[in-house]
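Peer 1: Got a structure for you, questions after.
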Amino acid sequence: MKPPAFEYEAPESLEEALELLDRHGLEGKVLAGGQSLVPLLNFRLARPETLIDINGVEELSYLRREEGTLRIGALTRHAALEHSSLAAAHWPLLIEAVRWVAHPQIRNRGTVGGSCAHADPAAELPVALTALDARFRVRSRRGERELSPGEMFAGQLEAGIEPDELLVEIVVPPLAEGAGCSFEEFARRHGDFALGGVAAVVELDGEGLCRRAAVSLLGAGPTPLRASEAESSLAGHPVDADSAAAAAGLAVRDAAPTGDMHGSAEYRRNLIEALTRRALLGAAERARNG
């Protein structure tokens, strides 16, 4: 299949890319890794008048630590994150999550920013970044602003970015002392879209009680679902089989997964509940082991 005709632009700087977005607005579409956009073009589900290829904007490709915070340029490839010793040492949840993304060939081309801007509720990195309370920096010729996960992931395949804006950086705060992480997912075949998943962060105090928890669900609704009631239920308690099971039940109370031929909504809800219990226990065990 072939895409519809379009004009092609290949900016080599961020300012040039922003000027093109300002000029073309809704009729322009940004091409980064292309792992989601190219299929949409080929199926003619996307019909932009102009394709703005930002692969030449090298200033958007980086992974660095500044004052304890991880800064990820939007054009950073999944593979670069996957093999980052910096992320592995300080943000292991991202390493766990990105290894579930499709296959090596896809990860070699796909970008962290592209995955976030595509806003697929079945994508791993948006869920992990939601659990980590990441912030998303977007820029236009009008200026810059920073979005929370709730603002960034506005709906199914809907990012909270204006037509003239470009996601330029993801900012991930440091994990607290005594924190452990776990990412759990289930797909019928590795690399397929997940039927359900969860990212969990558990912080323990000196007595082994939960100081704070973060639970973000994959495939439980149109956006990554932050399970705040489940998080609150764990505060001040040990994270054991009973408390993790109770929290997992609370986590899926508001879940609204979509059923299809691969699994009914009820099956997916039960699956996410089981994965949440497993992730909480895994995160707590890692927190205890340092």
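The values are calculated or read from the model by the stated rules, or taken from the named source; none is laboratory data. Everything numeric here is computed off the predicted structure, so don't read it as measured data. Because the Cβ atoms are built from the backbone with ideal geometry, glycine has one as well, and the counts that use them run over all protein chains shown. The accessibility values were calculated without ligands, DNA or RNA, using every heavy atom of the protein model including side chains. Shrake-Rupley method; radii C 1.70, N 1.55, O 1.52, S 1.80 Å.
Peer 1: Regarding Ala128, is this residue touching a residue at least 40 places away in the same chain (Cβ under 8 Å), open to solvent by less than 10 Å² (accessible area, probe 1.4 Å), in contact with an Asp or Glu (Cβ under 9 Å, 6 or more places away or on another chain) and aliphatic (A, V, I, L, M)?
Peer 2: Yes.
Peer 1: Picking from Ala32, Ala5, which residue would you name as being small (Gly, Ala, Ser) and open to solvent by 80 Å² or more (accessible area, probe 1.4 Å)?
Peer 2: Working: Ala32 fails: open to solvent by 80 Å² or more (accessible area, probe 1.4 Å).
The conditions single out Ala5.
Peer 1: Can I ask one more? Checking Ala246 against (1) more than 21 Å from Ala97 (Cα to Cα); (2) touching a Phe, Trp or Tyr at 6+ places or on another chain (Cβ under 9 Å), only one condition comes out false. Which one?
Peer 2: The failed condition is (2).
Peer 1: Which members of the range 256-268 meet the condition of being of a type outside the set (S, T, N, Q), in a loop (DSSP other than H, G, I, E, B) and surrounded by 12 or more Cβ atoms within 10 Å (Cβ to Cβ)?
Peer 2: Ala256, Pro257, Gly259, His262
Peer 1: Which ranges mark the helices (runs of 4 or more DSSP H) fully within the range 1-106 that have 3 or more residues being among the acidic types (Asp, Glu)?
Peer 2: 14-24
Peer 1: Moving on. Are there any pairs, at least 6 apart or on different chains, whose C-beta atoms fall under 7 Å, with the first in the range 218-236 and without any contact (Cβ under 8 Å) to a residue 24 or more places away in the chain and the second in a helix (DSSP H, G or I), and if so, which?
Peer 2: Ser233/Ala246; Ser233/Ala247; Ser233/Leu250
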